[in-house]
Amino acid sequence: MIQLDLVLQILSRNMFMDGNAIKDFRTFKSPMYYGSDKDTYYLLPFRFHQISDSKEVLVNEIGDFILAPTGTATRIARRQVTKNEELYADLIANFFISENAIPDLIDVMATRYRTKKSFLDDFTALHIFVVSLRCNHSCHYCQVSRVSESRQDFDISIENLKAGIEHMFRSPSPSITMEFQGGEPLLAFDKVKYGVEYAKQLNETYNKEITFVVCTNATVFTEDILDFCLLNDVMVSTSLDGPSFLHNANRPKTGAKSYEMVLQGITDAREKLGYEKVSALMTTTALSLDYPTEIIDNYIENGFRNIFLRPISPYGFALKNAKKNHYHTQKYLEFYKKGLDYIIQLNRNGQFIVEDYTTVILKKILTPFPVSYVDLQSPAGMINNVIVFNYDGYVYATDESRMLAENQDFTFRMGHVQDQYRDIFYGKKAKTFAQYWSNESLAGCADCGFQAYCGADPVFHYASQGDFEGFRPDSDFCIKNMEIIRHIFELIDTQGESLLKIFYSWITNTEQN
């Protein structure tokens, strides 16, 4: 309601004020303007959002929150909160108001803010190498527009692979991840093997902490491949879309049932590498929407302790098969909420299983630390945390932007791997994208109550709405994240401490006692 009040005040003032009055009204005011002789406190920056008929959440600049009755933000802004209220002490302690124009603990606030943004300290950490566009599956939602297994001209050259690895070691980050993607990267295992060995050779000089990951459909493992992964501590990330009727429909393979093949691959990889070295991702297609509990049960049956209820992304073949892949965001949210409710109930019944996307958001809400999930970072993870070296030698700002390139849209192409590091990472394109990658400065995000928990995604908005900034009222990114964050707060408000224990166990990935 306070937003409506302010709008009406602004409209009425502009309708009846003369030019000088309007100019004065629009001028930035000094900090003293926000306090007065009769005031008992000063306002610190905070935002708010109504989460139910009776409650709203107040969120300050460093992500601390207070759940309060609807109308509390209005009372705070009008300085109607008195010192004898318990709320007053909470507002002081959590940096929503101050008794001094400059808060005594402003250095603490600054430290907390720097910690939240510390993911920027070391620059790019995740380096994705698309070693081949070839694949042995025909997934209708394939976001990278794979080619057939025989098209070896879609493999990366050794020359470009070496140049990409050398760029990776130019990153100032002391910890780097080298992730192999495709197509199916293990169809070009010789390139994966060369990449790992060359990186380890260079690291004798650079001495960085390296994590190797191969994203595979887990259907082409051989004894030699698994031995190599074990010897070089390579982690395996695969795709599992749920029960056989779903997985086989989403991820068809000519002449074979891909579900049985991926389960065998997961078993082989676990036996060789260990359970903790093998993870899986699912993609929610239109067919998946009716089966959230069956998908979750399937993950538990196959020994997973976590699941990411991941929506489909609007790239590649996913756009060409609209009937199978297009659904309204509201349908996805119904799927997500039903799945999350089921997972929470499983945890209450003693079955430990984590929903990954919820956990990313919970880390932003309940801890002072940043998250590594690039889609919910501000500034965005593009370039700052992730870069992609494509099979053809070109460099892209994100994994999704190389998917756009397969549809002949090269907007997010940063240059060629043979270019200078500075020209790729600090060039004109990077400076252009920097104007749109911070939600603190985007219309619709700058005053959003959930800004501290969300991110900016210029690639998604360019792909779905045609411009880097995007129009938030129609943005599927905005609609999805705002409702998920609101729903999480509503669950915390209504289920209290018993649910927080479960949520904290997800953050620490530790079963409750």
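Computed quantities for the displayed model
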quantity	calculated
Summed residue charge, Cβ within 12 Å of Ala68's Cβ, Lys/Arg positive, Asp/Glu negative	-3
Average accessible area per residue (Å²) across the stretch 97-170 - probe 1.4 Å, nucleic acids and ligands excluded	45
Approximate spin-label separation Thr82-Asn207, in nm, with each point projected 7 Å along Cα-to-Cβ	6.4
The stretch 392-442: C-alpha gyration tensor shape, a/c 1.5 cut-off, then a/b vs b/c	oblate
Efficiency of FRET from Cβ geometry, Lys200 and Thr27, R₀ 56 Å, rounded to 0.05	0.40
Computed FRET value (nearest 0.05) for Phe410 with Arg151, which takes r as the C-beta separation and R₀ as 22 Å	0.60
Over the chain: helical MRE at 222 nm, DSSP H runs n ≥ 4 each giving -39500 (n - 2.57), nearest 500	-13000 deg cm²/dmol
Residue (of Ala380, His328, Asn349) at the positive-pole extreme of the stretch 317-388, dipole from beta-carbon charges	His328
Gain in span if fully extended, Asp227 to Lys117, counting 0.36 nm per residue against the direct Cα distance	35.7 nm
On Cα atoms only, tilt of 189-206 relative to the major axis of the chain in degrees	60
Rounded Å value of the spacing that divides the Cα centres of the stretch 221-284 and the stretch 169-217	20
Solution diffusion estimate, µm²/s, Stokes-Einstein, the stretch 326-413, Kirkwood Rh from C-alpha pairs, 4 °C, viscosity 1.567 mPa s	81
Estimated dipole of the stretch 208-255 in Debye, rounded to 20 [Cβ of Lys and Arg +1, of Asp and Glu -1, Cα centre]	280
Length-normalised contact order for the chain - Cα pairs under 8 Å, 6+ apart - percent	15
Candidate residues Tyr394, Tyr426: accessible-area rank, largest first, probe 1.4 Å	Tyr426, Tyr394
Sequence of Phe212, Phe48 when ordered by accessible area, the most exposed leading, probe 1.4 angstrom	Phe48, Phe212
DSSP beta bridge pairing in the stretch 164-317, given as percent antiparallel to the nearest 5	5
Distance-filtered residues of the stretch 239-277 - backbone nitrogen under 15 Å, label point 7 angstrom along Thr510 Cα→Cβ	none
Full-stretch length increase - Lys431, Asp290 - with 0.36 nm per residue and alpha-carbon distance subtracted	46.5 nm
Alpha carbon centroid spacing (whole Å) that separates the stretch 102-154 from the stretch 432-493	18
Three-way shape label, the stretch 235-349, alpha-carbon gyration tensor, a/c 1.5	oblate
Carbon and sulfur %, accessible surface of the chain computed with the full protein complex present, 1.4 Å	51
FRET efficiency estimate (nearest 0.05) - Cβ-Cβ, Ser438 to Glu159, R0 45 angstrom	0.80
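The values are calculated or read from the model by the stated rules, or taken from the named source; none is laboratory data. Bear in mind the structure is a predicted one, so any value in this text is a computation, not a measurement. Backbone-built Cβ (ideal geometry, glycine too); neighbour counts: all protein chains shown. When the accessible area is computed, the model is the full protein with side chains, heavy atoms only, and any ligands, DNA or RNA have been set aside. Shrake-Rupley method; radii C 1.70, N 1.55, O 1.52, S 1.80 Å.
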